[in-house]
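Enquirer: I'd like to ask you about the structure that follows.
The values are calculated or read from the model by the stated rules, or taken from the named source; none is laboratory data. Worth saying up front: this structure is predicted, and the values here are computed from it rather than measured. Glycine gets a Cβ as well: all are built from the backbone with ideal geometry, and neighbour counts include every protein chain shown. We work out accessible area using only protein heavy atoms, side chains counted, and drop any ligands, DNA or RNA first. Shrake-Rupley method; radii C 1.70, N 1.55, O 1.52, S 1.80 Å.
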Amino acid sequence: LGWSTDSVRPAHGLAMGDQQRDVVTQNDVVKNRERMKRMIDYCAAHGLRLVVITTPTWHTYRDAIEPELKAQFAAEVKLLQQYGLKEYRDYSDDPRFQADDFYDSHHLWIVNGSHKFTKVLKEDLGL
């Protein structure tokens, strides 16, 4: 919906990753919102179940996100729910994920974390 590492302060603990900074403008947020609305419409028109998720992150990443960005993200999710998004699941602070599940503070490690997350999703979504 318009996440940017520019809105994340450096934190201690797991590394932030490659320190590449992507600047997301308000125009990008609007474009992404419209894309999500088209996806909601498409899925509804074709009888498809759409589940939007926020993936797990380590606490150093979550703690470093500016409060204004967190509020903007929550507002965007609420707008999409009002538009017709039926399922949104936030795994960002899921206690099932520990430090060894992450490659860095906001990417799951393929060996541990991604396989675990796949199992979690399958169970939670009844697949």
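Enquirer: Look at segment 98-125 and say how many of its residues are in contact (Cβ under 8 Å) with a residue 24 or more places away in the chain and within 13 Å of residue 53 (Cβ to Cβ).
Expert: Here the count works out to 6.
Enquirer: Additional query: Mind checking which residues of segment 84-117 are surrounded by fewer than 15 Cβ atoms within 10 Å (Cβ to Cβ) and either more than 24 Å from residue 73 (Cα to Cα) or more than 15 Å from the chain's Cα centre (by Cα) (or both)?
Expert: Across segment 84-117, the qualifying residues are 84, 86, 95, 96, 98, 99, 100, 110, 111, 115.
Enquirer: Can residue 21 be described as modelled with pLDDT of 80 or more and either within 13 Å of residue 85 (Cα to Cα) or open to solvent by 40 Å² or more (accessible area, probe 1.4 Å) (or both)?
Expert: For residue 21, the condition - modelled with pLDDT of 80 or more and either within 13 Å of residue 85 (Cα to Cα) or open to solvent by 40 Å² or more (accessible area, probe 1.4 Å) (or both) - is not met.
Enquirer: Ok, one more. Within the group 94, 100, 104, 90, which residue is farther than 26 Å from residue 44 by Cα, at pLDDT 95 or above and not hydroxyl-bearing (Ser, Thr, Tyr)?
Expert: Going through 94, 100, 104, 90 in turn, the sole match is 94.
Enquirer: Restricting attention to helices (runs of 4 or more DSSP H) lying wholly within segment 42-127, give those where 1 or more residues are in contact with a helix residue (DSSP H, G or I) (Cβ under 7 Å, 6 or more places away or on another chain) and farther than 21 Å from residue 32 by Cα.
Expert: So the answer is 115-124.
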